[in-house]
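Structure first, then comments.
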């Protein structure tokens with residue numbers, strides 16, 4: 001029988017924090033899994049990331065593109081991906097159709113999904129981003145239907161949330177790029193490339209890590 005108090009057992013099971021926490025920004029291409037293993041023929045992070053012992057802090061769907069954070073620090077990873085801290089995540093979304101004011105208001109107030117109502121979001125129409133790269137393969141075009149770009153910021157992470165939100169208001173997502181998570185963004189980061197940055201957190205998160 002194990003007589004070690006539960007709190008001590010939990011402490012012993014924790015992975016020790018690295019002496020040098022590291023944080024990597026990666027611009028994930030379309031069609032790449034947000035993990036280091038997969039089925040034969042899958043493209044994974046192993047094809048792009050050489051830094052050892054780093055793991056994704058959160059996920060990005062295979063058919064989505066853009067910013068993915070990786071770290072070797074388990075506590076940092078948990079804080080970044082935890083919905084408790086509601087880190088803002090900003091996406092540029094190409095949708096099928098033209099959003100009217102009612103659709104934009106629905107997205108901003110919260111949309112009823114099968115797993116609950118989404119939290120209020122920030123949303124606006126925008127032009128195609130000037131920094132955007134061509135997608136491979138390209139997005140299908142339908143001459144009879146107008147496509148539109150949205151800039152959408154959410155503070156939660158339900159499964160495939162952005163796609164389900166736009167579909168719920170009649171605007172199917174055709175292309176989805178995550179541009180920013182908290183203070184980290186894709187600025188000057190080309191597709192398929194990564195950049196190491198200081199593992200510094202916003203002040204409120206940094207204080208929580210010390211507790």
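Every read-out reported here was derived from the displayed coordinates using simple, explicitly stated rules and does not represent laboratory data. Predicted model only: the values in this text are computed from it and were never measured. Note that each Cβ is placed from the backbone with ideal geometry, even for glycine, and that neighbours are counted across all protein chains shown.
Under 10 Å, Cα contacts only: if you run a Gaussian network model on the chain, which one of 149, 131, 184 comes out with the highest mean-square fluctuation?
Maximum fluctuation in the GNM of the chain, among the listed residues, is at 131.
What FRET efficiency, computed as 1/(1 + (r/R0)^6) with R0 = 45 Å and r the Cβ-Cβ distance, is obtained for residue 50 and residue 105, rounded to the nearest 0.05?
Values: r = 45 Å, r/R0 = 1.01.
About 0.50, to the nearest 0.05.
Listed highest first by mean packing, meaning other Cβ atoms within 10 Å per residue, what order do 154-162, 109-117 come in?
154-162, 109-117
May I have the extent of the alpha carbons of segment 121-170 along their three principal axes, as whole Å values ordered from largest to smallest?
In descending order, the Cα extents are 32, 25, 21 Å.
Most fluctuating residue of 172, 21, 40 in a GNM of the chain with Cα springs under 10 Å: which is it?
Looking only at 172, 21, 40, the biggest GNM fluctuation is shown by 40.
With a ≥ b ≥ c taken as the square roots of the eigenvalues of the C-alpha gyration tensor of segment 11-112, please select rounded if a/c is under 1.5 and otherwise prolate if a/b is larger than b/c or oblate if it is not?
It comes out oblate by the Cα gyration axes.
Taking a temperature of 4 °C and a viscosity of 1.567 mPa s, what whole-number D in µm²/s does Stokes-Einstein yield for the chain with Rh from Kirkwood over alpha carbon pairs?
Details: Rh = 18.8 Å.
Estimated diffusion coefficient is 69 µm²/s.
Tell me the mean residue ellipticity at 222 nm calculated for the chain from its helices only (DSSP H runs of n ≥ 4, each -39500 (n - 2.57), averaged over every residue, nearest 500).
On the way: 5 runs with 40 residues, N = 211.
It comes out at -5000 deg cm²/dmol, rounded to the nearest 500.
With a 10 Å cut-off between alpha carbons and a GNM built on the chain, which of 192, 141, 39 moves the most?
39
Tally the DSSP beta bridges in the chain and give the antiparallel ones as a percent, rounded to 5.
In the chain, DSSP labels about 90 percent of beta bridges as antiparallel.
For a test of the definition: using alpha carbon positions, the gyration tensor, and the 1.5 limit on a/c, classify segment 65-174 as rounded, prolate or oblate. Spell out each step's value before the answer.
Working: a/c = 2.23, a/b = 1.36, b/c = 1.64.
It comes out oblate by the Cα gyration axes.
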